[in-house]
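A.B. asks: Before anything else, here's the structure in question.
The values are calculated or read from the model by the stated rules, or taken from the named source; none is laboratory data. The structure presented is a predicted model; accordingly, all values stated were derived computationally and were not measured. We place every Cβ from the backbone using ideal geometry, glycine too, and count neighbours over all the protein chains shown. These accessible areas exclude ligands, DNA and RNA; they are computed on the full protein's heavy atoms, side chains included. Shrake-Rupley method; radii C 1.70, N 1.55, O 1.52, S 1.80 Å.
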Amino acid sequence: MNNYLLIPFLPLAAFLINILFGRKYLKDNAHWVSILAVAGSWVVTVITLLDVLSGKVVNEDIYSWIVSGEFKVSVGFLIDQLTAVMLVVVTTCSALIHIYSVGYMQGDKGYYRFFAYLSLFTFCMLMLVMANNFLQLYFGWEGVGLCSYFLIGYYFDKKPASDAGKKAFIVNRFGDFGFGLGIIMIFLTFGTVYYEPVFSQAKVFAVQTINFLGYDVHLMTLIALLLFCGSIGKSAQMPLHVWLPDAMEGPTPVSALIHAATMVTAGVFLVARCSPIFSLSETALMIVALTGAITSLFAATIGLVQNDIKRIIAYSTISQLGYMFLAAGVGAYTAGMFHLYTHAFFKALLFLCAGSVMHAMSGELDLQKMGGLKKYMPITYWTMLFASLSIAGVPGFAGFFSKDEILWLAYSGQSPVGKFVWAIGTVVAFLTAFYSFRLIFLTFHGKFRGTYEQEHHLHESPKAMTIPLIILCIGAVASGWIGIPHLLGGGEHFTEFLTPVLGHPEAHGTHAEEWLVMAISIIAGFSGVGLAALFYLVKTDIPVMLAQKFNATYKVLWNKYYVDELYSFIIVRPTIWTAKNILIGVTDAKIIEAIVNGIPKGIGEFSRILRKVQTGLLQRYAAIMALGVLIIMAVMLLR
Amino acid sequence: MVPLNWYLMLSAVVFMIGVFGFLTRRNIIIMFMSIELLLNAVNISLVAFSHYLQDMRGQILAVFIITVAAAEAAIGLAIIIALFRNKDTVHADEMSEMKG
Amino acid sequence: MTNLTGFSMPDLGPVMPEIVMTCLALLILLADLVIKRKETIAFLSIVSVAAVTYLLVGSTGITFNGMFIADNYSLFFKLIFMLNVVLTVLISVKYIAIEKVNFGEYYSLILLSTLGMMLMASAGDLITLYLGLELMALSTYVLAGFLRHDIKSNEAAMKYFLLGAFASAFLLYGTSLIYGLTGTTDLKAISSYISVNGLSGNPVLTLSMTMFAVAFSFKIAAVPFHMWAPDVYEGSPTSITAFMSVGPKAAGFAVLGRVFMTAFGAARIEWTGILIPIAILTMAVGNIAAISQINIKRMLAYSSIAHAGYVLLGIIAGTSEGTASVLNYLFIYAFMNIGAFAVVIMLRSEGFKGDDISDYEGLAKTHPLAAALMLVFMFSLTGIPPTAGFMGKFYIFMSAISAGYTWLAVIAVIFSAISAYFYLRIVMYMYMKEPKAAVQLSVSPGIALALTITVIAVLVIGVLPSKVINVARIAARF
Amino acid sequence: MLSELFFGYYASAIVIFSLLVVTRSNPVHSVMWMLLLFFHIAGLYLFLNAEFVAAIQIIVYAGAILVLFLFILLFLNLREELKVKRFIGAWPAGLFVTTALLVIVLSVVRSFVPGPAGKYSIEFIKQETHTKALGKLLYTDYLFPFEIASLVLLVAIIGAIVLAKRKTRSK
């Protein structure tokens, strides 16, 4: 029995205790159970990390759930460097956000339920990252999806919340369908669902093609793309990104934990985990890189004009996730993981700060009604400022190192689309800096634009909330320091650490080029911050003027490129229209009635007939038995 | 020497007469007597087999069947008494309290 | 004594559990004269069962010239029977007091009936098989009619008795034919005679197998020999309904498995031809007829018919994996079905029948714990993971698929999807409707213990199934 | 030839009495025909060299079981019973099923080939006497089923008492 087993099962225990005894016994003390459990997980994670650092990699089955012939489902764990990174991210964020929730959710009537779900989520996420086979991965994958659904719709009496929950669930279904098919394809190809044999044999099938829907398809490309479907859904990439901004209807700690730091990065983790498969298919990698690049640009431009504080951060999340896929797509899995790791800290921090602001503003989300909060809530201000500096890529902060590594490897790598995605990435870096600081300036600087009651109510958040902010802030600043490039005299320890699992990314470029790329990204970052300062601190009339001048563009951005409307137009409305006009109007009682109502009705009718046969008469029963004997004998002897 | 098949046919005929009685009579007691006919039919064939196979097993089974028939009769008639106390009938087709 | 030369006392080791069971059953019958508190009698029966269980493990072997076989296969079934007795006794104590039939004979009859089942599971000879079956059946007839003042119970006993006797006449006819054909009643000897003389396909053999299939189908309540089941389940005392739905059914499968796999092993193609249509019909009729029931005991009767259909798939598969899945399923079924009946029994109180499905309306509001337990059992009977019922079905279907009966497994899956309709209807009634009248639960320590055991078993086996299936795999080797 | 005639008489008597048993409207008559039937079956057993079984047939069946039946018939209101219909409405269906079954079974057993002969030949039994041979087997080789049969009888006693005794409710 290994102590790493405590990592997932402590949160599971917390979930069970809370759900069973929460309502009656624990009530307002429910958080203790969950926090202790997650903190315990964190401690064990640190121990495990030390083990992994000393070179100990675990890959073992703990329990065989189903064994039937070749088919085997078991609970097994793979603790390698990649898992260790994810464990650190998940348990750290989860522990801090559990603590933060104590302050944020105080007095909520479903207090125990909230913590139960949060712990269950942590458990599922840990099962996902610790799995050593695809089925367990799938279990965790669906589990986090389910928890996300519960938590988005946590305020289920609010209609937008329950709608958002359903939207997230349905949109993810599209992606998961592909993911499920991918796992089936893997089982059919390799005869197993375990990582180790699959990845070691993947090369054998490197040039194999299969006939798929009448076309000869490269097998590894097919599998990789099917798996990527799952990633697109879970990590909210185009075109399945629409659920994430709506998911902000959930409580803010949920947004921070699930929809920024952990669950949404599962897609990136999947690509990294399956890197041996992805690496065998140039096409698949190219699609991953382009999807990431385009998504990140697209989401960043939308982020420019939004006014809802949480939605801006949500679009920023989508954009940064795109960055990670961009990195994976050019073969720089380690850089993608590095960004995932730093991003978890500063993005969770951003959300928690937003939550703190909301707390002070009594739930207000509109940027235009804030301003000048700096003096009322200094801790929130400073931590959020650091987070923004980090995401903007200001040198020295965590985000700078990870972003720079991605851009450099995209530029210098061998990917055919490398230069293109580098260009996009640089533009996005500029946009990111701009909208992040627009948020800061509009929120904390200038004059307060809200109502009098709101102004009167402004206050710093309680300790339970600010302490996690400060801790996360340290991460947002310092977490990048373990990956300082050789160029700046660092050791690139992060890359070295992950190399055994993900391989070493190749870079073909001179030092001069590397300096150049870095300089460009720094300039992009600073100019973004500067422009934001100009627009929102100095000449505050410019944005309004611009919005009027480029009204059309502004409108497109404000309406998020009309994607929701597009989906509504091409999917939802035609479905409803067809339902209304063709199905109900034309074929009404004839076909649909017959199929939709007919089958249950037919079964019900049959059931009633069977009831009539059962008359209660003894002779009838005996006669049916005798008839049965007769028929069996006749059939058996006459055939 | 009478062929074995004759006995078997006799047994089959008696068995089926018993089945007929069981399927068609209304009176539970007669139905029960039909069951006894079934058992006797089986006994005829068992004893016949025993004779022709020169093996005692068939007769032993026949003895056991008679024993069990006696036990069955005791229980069956007790059930009929219990039923008769609650419901003043011995007609099986008047007992359909439960159906469907 | 000279006449008995050559006779030596057979080895009594393997039959020790049965001997002890007999003695204890008789002892309890006598104790009833002395002890007035019936709870003590119930407790004594559980103690006896524990003693027998203790003896069971480790006493294996073949004795009485092969008439009695105590192997792993029979051992597994006997464990199911022991479980069945314990759970039934636990849920009976309060119930038979409410029904005012609190007699000590009740417990002796349960033990004697179980003894009959044990003899069936161990029968190596058609004669012992018949006698064991009759011992079980006669005791069960009496138990079904135990509510002597209740017309429904009388009627149930009547129907069960007459149809049961009718079915055992077929068993005897089949026995006599196979005896005439092979000159023996020993299962192994029959098997070797059939394969040596190439009798597979012989019309008399087919006729005989049909008769056996009929008699065993009657015991397991497979269509079209199931007609007794709904009426008898409804009319019998609820505790006995629970007992009957597990014990005699499992015993029926025990003999079905042993006779068809051992004695008729050489004629496999033929008997699968008999059992496949029976299995399909059983699943179809059981699941569909259950939909329109309004009495929960009747609904559970049809449900138990449907489950017999699933289990038949494991027999049809004919492999040792198939047999293992049958054992596994019956073990799981004992827990989930008796658990469901335990909830049904709780609703029965002085002056309130509580066996209509509409009595469950709003149970979640008035008695949330009882509703939650019922929910678990209904989920398990439907086969929703992570309950044990899912595991049972999974292994059955997998064994059918690997034996080449994919189409049968598909049919079974379709019917088990239909079954969700009536199981989840109970859940819906409990959770989504308003309570009509105040339902009084008659809780007793016995029922509480039985429910605890069953619900834990259902959940634990659902999450950690490999222990049970591995034991079943060992037991499946004849 | 004599044996065939002998068999012919018994067989036809058995069939006719069986038919009478299931068709008489007066249950007392049915029981009486059954008594005759049992005697004839016993005769057939004697013809098959099974004296002990024949004796059991008379003693247990005729002596015990039929008396039980007669006893139960005392409950009935015979006058009433004679007036009502004796068959269910759908009896032709029952007749059809039975006939079809009979045809199938007859066609199968017509060409029956029995298994190998054992050691209990007529001479062997004559030498040892039938009852002794059967008894010896019953108490040695078939000791186990014999014990089970005793339990079956015990259950019958308990069951009959439980179901039929006067006091119907506990406490």
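A.B. asks: Relative to the first principal axis of the alpha-carbon coordinates of chain C, what is the inclination of helix C:126-144, with its axis defined by its Cα atoms, in degrees from 0 to 90 and to the nearest 10?
C.D. replies: Approximately 20 degrees, to the nearest 10.
A.B. asks: By how many degrees, between 0 and 90 and to the nearest 10, does the Cα long axis of helix A:493-502 differ from the longest principal axis of chain A?
C.D. replies: Helix A:493-502 sits roughly 20 degrees off the main axis of chain A.
A.B. asks: So for the pair C:Leu449, A:Asp564, with labels modelled 7 Å out along Cα→Cβ, what separation do we get in nm?
C.D. replies: Between C:Leu449 and A:Asp564, the label points sit 6.0 nm apart.
A.B. asks: Moving to a separate point now. Go ahead and collect, in residue order, the members of segment C:331-366 whose backbone nitrogen is under 11 Å from a label point 7 Å along the Cα-Cβ direction of C:Ile98.
C.D. replies: C:342-355
A.B. asks: Could you work out [θ]222 nm for chain A from helices alone, using -39500 (n - 2.57) per DSSP H run of at least four and dividing by all its residues? Round to the nearest 500 deg cm²/dmol.
C.D. replies: Working: 28 runs with 426 residues, N = 639.
For chain A, the value works out to -22000 deg cm²/dmol.
A.B. asks: Order A:Arg438, C:Arg268, most accessible first, counting only protein heavy atoms with a 1.4 angstrom probe. Could you put the intermediate results ahead of the total?
C.D. replies: Numbers: A:Arg438 10, C:Arg268 75 Å².
Heavy-atom accessible area, descending, gives C:Arg268, A:Arg438.
A.B. asks: How far is it, in nm, from the label point at A:Thr615 to the one at A:Asp541 when both lie 7 Å from their Cα along the line to the Cβ?
C.D. replies: The answer from the label model is 9.7 nm.
A.B. asks: Within 12 Å, Cβ to Cβ, of A:Ala327, how many net charges do the neighbouring residues add up to if Lys/Arg are +1 and Asp/Glu are -1?
C.D. replies: Working: positive: A:Lys403; negative: A:Asp404, A:Glu405.
Value of the local net charge: -1.
A.B. asks: Still on this model: At 7 Å along Cα-to-Cβ for each site, give me the label-to-label distance between D:Val28 and A:Lys463 in nm.
C.D. replies: If labels sit at D:Val28 and A:Lys463, their model points lie 10.2 nm apart.
A.B. asks: Right, here's the next one. For segment C:16-475, give the magnitude of the charge dipole about the Cα centre (Cβ charges: +1 Lys/Arg, -1 Asp/Glu; no others), in debye to the nearest 20.
C.D. replies: Details: 25 positive and 21 negative charges, 104 e Å.
The dipole magnitude comes to about 500 debye.
A.B. asks: Give me the summed buried accessible area for the D-C pair, 1.4 Å probe, to the nearest 100 Å².
C.D. replies: On the way: alone 13910 and 17630 Å², together 27980 Å².
In total, chains D and C hide about 3600 Å² from solvent.
A.B. asks: Same structure, new question: Check cross-link reach from D:Lys132 to the lysines: straight Cα distance under 29 Å, and skip same-chain residues fewer than eight apart.
C.D. replies: Excluding near neighbours in sequence, the set is C:Lys188, D:Lys119.
A.B. asks: Roughly how many Å² is the accessible area per residue of chain B, as a whole number, for a 1.4 Å probe? Could you put the intermediate results ahead of the total?
C.D. replies: Details: 1780 Å² over 100 residues.
The answer is 18 Å² per residue.
A.B. asks: Let me ask another. I'd like the accessible area for C:Ile46: 1.4 Å probe, protein heavy atoms, all chains in place, Å² to the nearest 10.
C.D. replies: Using a 1.4 Å probe on the heavy atoms, I get roughly 50 Å².
A.B. asks: Where a ≥ b ≥ c are the square roots of the eigenvalues of the C-alpha gyration tensor, would you call segment A:129-229 rounded, which needs a/c under 1.5, or, failing that, prolate if a/b is larger than b/c, or oblate? Let's see the in-between values first.
C.D. replies: On the way: a/c = 4.48, a/b = 2.04, b/c = 2.20.
Oblate, since a/c reaches 1.5 and b/c is not below a/b.
A.B. asks: All other residues with a Cβ under 13 Å from the Cβ of C:Tyr73 taken together, and with Lys, Arg as +1 and Asp, Glu as -1, what is their net charge? If you can, show how the numbers build up before the last one.
C.D. replies: Working: positive: C:Lys78, C:Arg258, C:Arg473, C:Arg477; negative: C:Asp71.
Residues near C:Tyr73 contribute +3 overall.
A.B. asks: Straight-line reach from A:Lys419: which lysines have a Cα under 23 Å away, not including same-chain ones fewer than 8 places off?
C.D. replies: Partners found: A:Lys403.
A.B. asks: By its C-alpha gyration tensor, with a ≥ b ≥ c as the square roots of the eigenvalues, how is segment B:7-92 shaped: rounded for a/c under 1.5, else prolate for a/b larger than b/c, else oblate? Working shown, then result.
C.D. replies: Numbers: a/c = 7.15, a/b = 1.89, b/c = 3.77.
Note, shape of segment B:7-92 comes out oblate.
A.B. asks: Turning to a different aspect of this structure: For the pair A:Arg23 and C:Ala437, what calculated FRET efficiency results from E = 1/(1 + (r/R0)^6), where r is the Cβ-Cβ distance and R0 = 30 Å, to the nearest 0.05? Please report the intermediate quantities before stating the final value.
C.D. replies: Working: r = 26 Å, r/R0 = 0.87.
Approximately 0.70, to the nearest 0.05.
A.B. asks: Dimensions of segment B:60-100 along principal axes (Cα, Å, largest first)?
C.D. replies: 41, 25, 12
A.B. asks: Rounded to a whole number, what % of the accessible area of segment C:16-475 do carbon and sulfur atoms account for, probe 1.4 Å?
C.D. replies: Carbon and sulfur atoms account for 71 percent of the accessible area of segment C:16-475.
A.B. asks: Just to verify a number: FRET efficiency for D:Leu82 and B:Glu94, C-beta to C-beta distance, R0 = 22 Å, to 0.05? Show your work: numbers first, answer last.
C.D. replies: Numbers: r = 17 Å, r/R0 = 0.76.
Computed FRET efficiency for D:Leu82 and B:Glu94 comes out at 0.85.
A.B. asks: A follow-up question, please. Pairs of Cα atoms under 8 Å, at least six residues apart: use those to get the relative contact order of chain A, whole percent. If you can, show how the numbers build up before the last one.
C.D. replies: Numbers: 1030 pairs, mean separation 74.2, N = 639.
Computed value for chain A: 12 percent relative contact order.
A.B. asks: Here is a further query. Starting from the Cα of D:Leu143, step 7 Å toward the Cβ, then list every residue of segment C:68-84 with an amide N under 18 Å from that point.
C.D. replies: What the label zone holds, given the 18 Å backbone N cut-off, is C:68-70.
A.B. asks: State the Cα centre-to-centre distance between segment A:430-486 and segment A:90-143 in whole Å.
C.D. replies: A separation of 24 Å, based on Cα centres.
A.B. asks: Between helix A:598-613 and chain A, what is the angle of the helix's C-alpha long axis to the longest principal axis, kept within 0 to 90° and rounded to the nearest 10?
C.D. replies: 30 degrees
A.B. asks: Treat every Asp and Glu Cβ in the protein assembly as shown as -1 and every Lys and Arg Cβ as +1, leave all other atoms uncharged, and give the resulting dipole magnitude about the Cα centre to the nearest 20 debye. Please report the intermediate quantities before stating the final value.
C.D. replies: Details: 87 positive and 72 negative charges, 602 e Å.
Once rounded to the nearest 20, the dipole reads 2900 debye.
A.B. asks: Could you work out Rg/(2.2 N^0.38 Å) for segment C:16-475, with Rg from alpha carbons only? List each step's numbers first, then the result.
C.D. replies: On the way: Rg = 20.9 Å, N = 460, 2.2 N^0.38 = 22.6 Å.
Scaled against compact globular proteins, the figure is 0.92.
A.B. asks: So which trypsin sites (Lys or Arg not before Pro) in segment C:19-111 are both in a DSSP loop and have at most 10 other Cβ atoms within 10 Å of their Cβ? Walk me through the numbers before you get to the answer.
C.D. replies: Working: sites: C:Lys36, C:Arg37, C:Lys38, C:Lys78, C:Lys94, C:Lys100; in loops: C:Lys36, C:Arg37, C:Lys100.
Sites meeting the loop and neighbour criteria: C:Lys36, C:Arg37.
A.B. asks: If we restrict to alpha carbons, what Rg and Dmax does the protein assembly as shown come to, in Å?
C.D. replies: Over the protein assembly as shown's Cα set, Rg and Dmax evaluate to 39.2, 133 Å.
A.B. asks: Related question: Using Cα-Cα distances under 8 Å and only pairs 6 or more residues apart, what relative contact order does chain C have, in percent?
C.D. replies: Relative contact order comes out at 15 percent.
A.B. asks: Below 12 angstrom from the Cβ of B:Ala78, what's the summed charge of the other residues (Lys, Arg +1; Asp, Glu -1)? If you can, show how the numbers build up before the last one.
C.D. replies: Numbers: positive: B:Arg85, C:Arg148, D:Lys165; negative: B:Glu72.
Net of charged neighbours comes to +2.
A.B. asks: Which whole number gives the average, over all residues in D:62-69, of C-beta atoms from other chains lying within 10 Å of the residue C-beta?
C.D. replies: Numbers: counts 0, 0, 5, 10, 3, 1, 6, 8.
Other-chain Cβ atoms within 10 Å of each residue's Cβ, averaged: 4.
A.B. asks: Taking the alpha-carbon centroid of each part, what is the distance from segment C:262-327 to segment C:330-409 in angstrom?
C.D. replies: 17 Å
A.B. asks: Next question, about the same structure. Want the number for A:Ile184 to A:Lys374: 0.36 nm per residue separation, take away the alpha-carbon distance, what's left?
C.D. replies: 63.0 nm
A.B. asks: May I ask you to rank A:Tyr333, C:Tyr431, A:Tyr411 by accessible area, largest first, using a 1.4 Å probe over the protein chains only?
C.D. replies: Working: A:Tyr333 15, C:Tyr431 95, A:Tyr411 40 Å².
Result, largest first: C:Tyr431, A:Tyr411, A:Tyr333.
A.B. asks: Let me ask something additional. Could you name the lysines whose alpha carbon sits less than 29 Å from that of A:Lys447, not counting residues in the same chain fewer than 8 places away?
C.D. replies: A:Lys310, A:Lys347, A:Lys369, A:Lys374, A:Lys375, A:Lys463, A:Lys539, A:Lys549, A:Lys555, A:Lys560
A.B. asks: Moving to a separate point now. Given N residues in chain A, what is Rg(Cα) / (2.2 N^0.38 Å)? Mind showing how you got there, number by number?
C.D. replies: Values: Rg = 27.4 Å, N = 639, 2.2 N^0.38 = 25.6 Å.
Compactness ratio reported: 1.07.
A.B. asks: Regarding segment C:118-234, what's the average projected area of the Cα-atom convex hull, expressed in nm²? Write out the running numbers ahead of the final one.
C.D. replies: Values: hull surface 29.1 nm².
Spelled out: convex hull of the Cα atoms, projected over all directions, averaged, 7.3 nm².
A.B. asks: In whole Å, what is the distance between the alpha-carbon centres of segment A:208-243 and segment C:63-121?
C.D. replies: Segment A:208-243 and segment C:63-121 have Cα centres separated by 57 Å.
A.B. asks: Be a star and scan segment A:430-448 for residues whose amide nitrogen sits under 17 Å from the point 7 Å along the Cα-to-Cβ vector of A:Trp382.
C.D. replies: A:444-445
A.B. asks: Same structure again: With r as the distance between the Cβ atoms of C:Asn470 and C:Val413 and R0 = 22 Å, compute the FRET efficiency 1/(1 + (r/R0)^6) and round to 0.05. Numbers along the way, then the final one.
C.D. replies: Working: r = 25 Å, r/R0 = 1.12.
For R0 = 22 Å, the calculated efficiency reads 0.35.
A.B. asks: Considering only DSSP states other than H, G, I, E and B, which trypsin sites (Lys or Arg not before Pro) in segment A:63-161 qualify as loop sites with at most 11 other Cβ atoms within 10 Å?
C.D. replies: A:Lys109
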